[in-house]
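In what follows, a structure is listed as structure tokens, so that the remarks can point back to it.
The values are calculated or read from the model by the stated rules, or taken from the named source; none is laboratory data. Not measured: the values here are computed from a predicted model. Every residue, glycine among them, receives a Cβ derived from its backbone with ideal geometry; neighbour counts consider all protein chains shown. Quick note on the areas: whole protein, heavy atoms, side chains included, nothing else; ligands and nucleic acids left out. Shrake-Rupley method; radii C 1.70, N 1.55, O 1.52, S 1.80 Å.
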Amino acid sequence: MGLEGPEELEQLAFKRLNEGRIKDGLKLVLRAAKGYEEEGKTEDAARLYKYLGYVLLKKTKAIEKARPSLLKSAYLYIDLIEEEISRAEVDLDILDEYCSNVLEIFMTLNDEKNLMKYAEEFAAIYEDLGNSYQDNDDIPMAIRAYEAAYRYYRTINDVESYRRLAETLITLYGQIAESRLEKGDARGAAEAFYRLAGFIRAIFGYDIHFIEMMDTAAKNFEKASKIAYSHGDLDRTTSCLVKAQYAYLLAKNFSRAKLIGLNTARMLYQIVSSYRGKGDDEMAAEKLTELTEALIGMGKLNEAMEAYKSVLETKSDLRFRVRVRIAALKHFAASTGSEEVLADIETVEYYFNKKAYLRALELAENAMMREGLKDAANRIHEAEGIYH
């Protein structure tokens, strides 16, 4: 046993765990984690200490038993963060993963003090990075950094800071929208106006400022759909129309949203049949998801769930599960004017756009537990074969 490196120990540990030899497996996980640490493989060590902590928490239901491993993991991730930000080229995705792990651990441990402390530190790191990117005229990277900072300031409810960043992001998205419009890229402009609306809401709430900007996004999505249609690109046409439908919904232009929904659904039934005829399950599932979204947007939950069942029978994908929940949340937010649900949607979409689908699904599920959404949540679960 004494000759294996941490890689072999880790493999053996998971073999033991899969065989149900939990105690032996966890001992080996700990040895592997220590081995990685000794070899300077900090990320592997942090990953295994975190895994160990969460398994102990699940098995014993006692935070105290899990605390040493989880704290060890958090502080190793903090070392990794310091290492990453000292590089000439910072990888924002890797940095975000490290930061998220640290905050998740302190949240699990109910360690409010460290959660607030590190969320504030991470927000400042990202804001500095955003400033550097902006100074170098790298607007897309500046936006990514500022959005992460904004998210961390929201976590600690530092209203002054997140509003300040919202103002910066409004300016940057405004520049992007203008440059896209000049290039005749209606869809790109629409996406920028949509994001802009979200940051306007952070400052003014669900009021006329937000509604006007969402309406501008909707008009541009609609324009993009017409351009796609004139090129004979039906896939892009329906994608833009569903986005237009929801932007009109959030802009409280319900009659326009319904009209677009009806026309889009009609097109989508034909497109789905065409893909099924060709045996293209991937695209059939994609378009069935759009059909589900279009129907939810019109409040036709029964028909929507029939379409959603067809999605899952064709291809079960986390992305589709998240999108259906986002659609239900948007329909509810538009119907009730709920700012809390809009804030939930913003967070879910942030992780969805980063392709962190599991995190997005967890957050969307939590958001669906609100009063008034439980019926839709139950219907979605039923379609997925989960009964309560």
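Any residue in the stretch 103-113 that is out of contact with any Pro (no Cβ under 8 Å at 6 or more places or on another chain), closer than 22 Å to residue 359 by Cα, open to solvent by less than 60 Å² (accessible area, probe 1.4 Å) and without any contact (Cβ under 8 Å) to a residue 12 or more places away in the chain? Yes, the stretch 103-113 has at least one match. Scanning the stretch 155-186 for residues that are more than 21 Å from residue 243 (Cα to Cα), in contact (Cβ under 8 Å) with a residue 24 or more places away in the chain and assigned to a helix (DSSP H, G or I) gives 155, 161, 162, 163, 165, 166, 167, 168, 169, 172, 175. Among the residues making up the stretch 187-216, a single one is basic (Lys, Arg) and free of Cβ contacts under 8 Å to residues at least 40 places away in the same chain: 195.
Would a scan of the stretch 52-64 turn up a residue that is open to solvent by less than 10 Å² (accessible area, probe 1.4 Å), farther than 29 Å from residue 136 by Cβ, touching a Pro at 6+ places or on another chain (Cβ under 9 Å) and in a helix (DSSP H, G or I)? Yes, the stretch 52-64 has at least one match.
Listed by first and then second residue, the pairs linking a residue in the stretch 365-376 that is modelled with pLDDT of 95 or more and surrounded by 12 or more Cβ atoms within 10 Å (Cβ to Cβ) to a residue that is among the small types (Gly, Ala, Ser) and in a helix (DSSP H, G or I), with Cβ atoms under 6 Å apart and 6 or more places separating them unless they lie on different chains, are 368/377; 376/328.
Of the residues making up the stretch 188-212, those that are part of a helix (DSSP H, G or I), farther than 16 Å from residue 353 by Cβ and charged (D, E, K, R) are 201, 212. For the stretch 276-361, please list each of the helices (runs of 4 or more DSSP H) lying entirely inside it that holds at least 3 residues being under 15 Å from the mean Cα position of the chain (by Cα). Hits in the stretch 276-361: 318-336, 339-353. When residue 228 is tested against (1) over 20 Å from the mean Cα position of the chain (by Cα); (2) part of a helix (DSSP H, G or I); (3) under 20 Å from residue 343 (Cβ atoms), only condition (3) is not met.
Determine whether residue 136 is surrounded by fewer than 19 Cβ atoms within 10 Å (Cβ to Cβ) and either closer than 18 Å to residue 121 by Cβ or within 19 Å of the chain's Cα centre (by Cα) (or both). Here the answer is no, as residue 136 does not meet what is asked. Scanning the stretch 239-255 for residues that are without any contact (Cβ under 8 Å) to a residue 60 or more places away in the chain, closer than 22 Å to residue 345 by Cα and part of a helix (DSSP H, G or I) gives 239, 240, 241, 242, 243, 244, 245, 247, 248.
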